[in-house]
1. Looking at region 68-84, is at least one residue within 14 Å of the ligand (Cβ to nearest atom) and of a type outside the set (Ser, Thr, Tyr)?
2. Kindly indicate the residue of region 1-26 that is on the phi < 0 side of the Ramachandran plot and within 16 Å of the ligand (Cβ to nearest atom) and also surrounded by the most Cβ atoms within 10 Å (Cβ to Cβ) among those meeting that condition.
3. Restricting the search to region 109-144, which residues are surrounded by fewer than 17 Cβ atoms within 10 Å (Cβ to Cβ) and within 8 Å of the ligand (Cβ to nearest atom)?
4. Please go through region 38-57 and give me each residue that is among the polar types (S, T, N, Q), more than 10 Å from the ligand (Cβ to nearest atom) and crowded, with 20+ Cβ neighbours inside 10 Å, ordered by number.
5. Among the residues of region 166-194 satisfying the criterion of being buried (at least 19 other Cβ atoms within 10 Å of the Cβ) and away from the ligand (no atom under 11 Å from the Cβ), which is farthest from ALA220 (Cα to Cα)?
6. Among the helices (runs of 4 or more DSSP H) lying completely within region 113-225, list those that include at least 3 residues that are touching a residue at least 60 places away in the same chain (Cβ under 8 Å).
7. I'd like to check something: does region 81-90 contain any residue that is farther than 30 Å from GLY207 by Cβ, assigned to a helix (DSSP H, G or I) and either modelled with pLDDT of 95 or more or not acidic (Asp, Glu) (or both)?
8. So which residues in region 145-165 are touching a helix residue (DSSP H, G or I) at 6+ places or on another chain (Cβ under 6 Å) and within 6 Å of the ligand (Cβ to nearest atom), if there are any at all?
Amino acid sequence: MPSHAVEDLWPAAGIRARAGDLELRWIDDDLLVDLARVAGRGIHDADRMPFATPWTRGTPDEVARSVLAYQWDVRSQVGSARWVLELGVLVDGVPVGVQGASAKEWSVLRSAETGSWLGKEHQGRGIGTRMRVLMLELLFDGLGAQEATSGAFADNPASAAVSRAVGYLDNGVLSHPREGAAVAHRNFLLPRERWLEVRERNLARLGADVELFGTERLRAVLDAS
Ligand SMILES: CC(C)(COP(=O)(O)OP(=O)(O)OC[C@H]1O[C@@H](n2cnc3c(N)ncnc32)[C@H](O)[C@@H]1OP(=O)(O)O)[C@@H](O)C(=O)NCCC(=O)NCCS
């Protein structure tokens, strides 16, 4: 009898990373609705815009619908030429935000860019730093990354503070368009050798051993040339 587990057909759906109370997990439809509601309750103050696409403007339902539409769109984009892996962040089983990573030409470059958000009520408690560390362990140890990159608008100190605390190197500032204006955007780079230097002290932030699930099957998809 054929298996009914979605990850048997779509290995990305079996991806999970856990360290103590913190979990990153493939976003199925039940988790997606919870995360959409978290986003609808607010991610930042109205006079801020941390994202290049201003999907967080609108009513709570409009913002929640944007999360559904975006996640349904990227969920299918998991291949070796291009992949997007958006994982739900749960603390003690409670959905609090999304930690994503994406790459192009992975089998050649092995470079992934991360992006993330937390519901406003969950920010400023160290979760953003811990979820980045857990994603980096998944990328470097689980998927064999050679480098990770990140970026943030210059008026988003919290995101830049996460990158610097983890040990990324500053990698220049470029103007990016945002809501009709050119805005300074800082880039950060974490080469594998640097990660190996800072890995232990970062894993210590997690306060528990890391468990990765589903990486071998996903690698077979991403590494296919
Ligand atoms: C960016 C984000 C994921 C960080 O998560 P977080 O849980 O709030 O961050 P942490 O609690 O781990 O704190 C990270 C660092 O930011 C610092 N920080 C937080 N707010 C800050 C502020 N307004 N100014 C300066 N530093 C700030 C903290 O002191 C901490 O630095 P430290 O480790 O050197 O003490 C979260 O704030 C968020 O979702 N923001 C809105 C969406 C967003 O900006 N996404 C990223 C787009 S690039």
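1. no
2. LEU24
3. Selection gives LYS120, GLN123, GLY124, ARG125, GLY126.
4. Step one: of region 38-57, the residues among the polar types (S, T, N, Q) are 53, 56.
Adding the requirement that they be more than 10 Å from the ligand (Cβ to nearest atom) leaves 53.
Of everything in region 38-57, nothing turns out to be among the polar types (S, T, N, Q), more than 10 Å from the ligand (Cβ to nearest atom) and crowded, with 20+ Cβ neighbours inside 10 Å.
5. TYR168
6. Working: elements: 127-137, 157-166, 192-206, 215-222.
Result: 127-137, 192-206, 215-222.
7. First pass over region 81-90, keeping only residues farther than 30 Å from GLY207 by Cβ: 81-82.
Add one more test, that the residue is assigned to a helix (DSSP H, G or I), and what stays is none.
No.
8. Scanning region 145-165 gives ALA152, VAL162, ALA165.
The values are calculated or read from the model by the stated rules, or taken from the named source; none is laboratory data. As the structure is a computational prediction, the values presented were derived from the model and not from experiment. As a convention, Cβ positions derive from the backbone with ideal geometry for all residues, glycine included, and neighbour counts pool all protein chains shown.
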